[in-house]
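As structure tokens, the structure follows; a few thoughts come after it.
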């Protein structure tokens with residue numbers, strides 16, 4: 001999609017076509033009939049653009065819920081946009097600091113921008129790609145936030161930062177494909193030095209703007225976190241989704257893990273208390289697997305300390321042993337039924353004797369391929385068990401857990 005086709009889609013006629021596509025559905029079973037019917041009355045290019053947008057909205061619902069049906073997207077925009085629940089969490093941190101306004105650099109399609117506006121802040125978004133900036137502006141309007149948020153098409157590195165009390169920056173972590181302009185085909189950039197603007201620009205923004213936050217990849221190495229900054233890893237419903245750096249007064253601890261629910265339960269946060277290395281010991285009756293955000297944040301030791309008698313089963317592995325069940329939002333517990341040295345023959349015999357036909361294989365610190373293991377076990381029973389492949393005191397070990 002280019003800027004011209006997006007503008008056509010935003011016209012009154014384009015909105016009629018988009019509504020018609022939405023009413024008929026965009027799945028493969030209705031695709032041919034939809035195209036045939038609408039192309040009889042509208043330009044084929046407009047119909048194709050509407051169909052593409054309807055499909056992007058389908059994909060975006062996992063991030064934006066019902067708002068996706070009012071918003072506009074590009075292929076890369078859907079992929080890179082912050083989930084609404086994460087954007088709302090970050091906007092809440094800004095709102096608590098109560099700045100008069102927030103500058104959103106590299107605002108993309110406006111996920112964080114609209115969250116900031118919904119949090120009651122005056123927000124201004126900047127993106128250098130004309131199509132992306134136009135989509136962000138359309139989303140501000142579509143979500144009825146035009147009185148609180150504005151968008152400008154400009155390069156973030158050329159924006160005058162002085163005078164802004166707060167800023168958020170989401171540097172590009174993809175290299176564009178041949179189409180450019182949000183047309184898809186991009187590839188991920190894992191090295192922070194390949195960010196656009198460069199990673200060093202984050203520190204420049206933080207130096208100029210008192211309240212600064214930045215979105216970074218969850219895999220950012222701890223050694224790249226600037227001195228004095230807070231690094232926060234965020235998971236949603238158990239899956240690590242994002243990480244952010246906070247500067248100035250927004251930085252309250254060195255490291256933080258925040259767990260956001262999909263729905264229904266409150267958020268939970270775990271911070272670095274400065275405790276020493278956690279104890280190491282043998283497996284217990286319960287095995288705890290910390291949330292991915294806790295692991296990425298290097299806060300497994302905090303989970304160990306929160307469990308009575310908690311200890312790592314191996315100093316290099318993020319599995320925690322305990323002798324009794326304890327409720328914690330930061331780790332999932334499994335009741336251990338058996339501990340044995342890794343042996344395919346012994347494991348197969350044990351599972352068959354118990355009538356286990358299905359296994360969930362989890363592993364940390366093991367070179368065994370889970371799919372290959374399932375095939376080689378050749379199980380036929382009706383029961384289900386959890387097989388944990390790991391190391392205990394350096395030795396390859398199997399922890400068999402109740403499903």
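The values are calculated or read from the model by the stated rules, or taken from the named source; none is laboratory data. Predicted, not measured: the structure shown is a model, and the values here were computed from it. Heads up, the Cβs are rebuilt from the backbone with ideal geometry, glycines too, and the neighbour counts pull from every protein chain shown.
For residue 55, the criteria (1) closer than 25 Å to residue 5 by Cβ; (2) not assigned by TED's automatic domain parsing to the domain that holds residue 25 hold in every case but one, which is (2). On the stretch given as region 24-56, residues that are part of a helix (DSSP H, G or I) and without any contact (Cβ under 8 Å) to a residue 24 or more places away in the chain total 16.
Only one entry of 298, 228, 274, 248 meets the criterion of being in contact (Cβ under 8 Å) with a residue 60 or more places away in the chain, closer than 29 Å to residue 90 by Cβ and either over 17 Å from the mean Cα position of the chain (by Cα) or not assigned by TED's automatic domain parsing to the domain that holds residue 165 (or both), and that entry is 298.
Would you confirm, using the coordinates I've provided, whether residue 108 is outside the structural domain of residue 18 (by TED's automatic domain parsing) and out of contact with any helix residue (DSSP H, G or I) (no Cβ under 8 Å at 6 or more places or on another chain)?
Numbers: outside the structural domain of residue 18 (by TED's automatic domain parsing): yes; out of contact with any helix residue (DSSP H, G or I) (no Cβ under 8 Å at 6 or more places or on another chain): no.
Judged against the criteria, residue 108 is not a match.
Please determine whether any residue of region 103-117 is under 26 Å from residue 259 (Cβ atoms) and part of a strand (DSSP E or B). Within region 103-117 (the criterion being under 26 Å from residue 259 (Cβ atoms) and part of a strand (DSSP E or B)), the answer is yes, since at least one residue qualifies.
Within region 100-112, the set of residues being crowded, with 23+ Cβ neighbours inside 10 Å and either under 18 Å from residue 202 (Cβ atoms) or modelled with pLDDT under 95 (or both) comprises 102, 103, 104, 105, 106, 107, 108, 112.
The set of residues in region 198-215 being touching a helix residue (DSSP H, G or I) at 6+ places or on another chain (Cβ under 7 Å) and either surrounded by fewer than 24 Cβ atoms within 10 Å (Cβ to Cβ) or outside any strand (DSSP E or B) (or both) consists of 199, 201, 206, 210, 211.
Being assigned to a loop (DSSP other than H, G, I, E, B) and within 30 Å of residue 271 (Cβ to Cβ) is a description that does not apply to residue 333.
Annotation note: of 97, 12, 45, 19, the sole residue that is surrounded by fewer than 19 Cβ atoms within 10 Å (Cβ to Cβ) and in contact with a strand residue (DSSP E or B) (Cβ under 6 Å, 6 or more places away or on another chain) is 97.
Based on what the data block shows, is residue 168 part of a loop (DSSP other than H, G, I, E, B) and buried (at least 22 other Cβ atoms within 10 Å of the Cβ)? It is false that residue 168 is part of a loop (DSSP other than H, G, I, E, B) and buried (at least 22 other Cβ atoms within 10 Å of the Cβ).
For region 290-315, which positions are assigned to a helix (DSSP H, G or I) and more than 27 Å from residue 217 (Cα to Cα)?
If the condition is that a residue be assigned to a helix (DSSP H, G or I) and more than 27 Å from residue 217 (Cα to Cα), then 305, 306 are the ones that fit.
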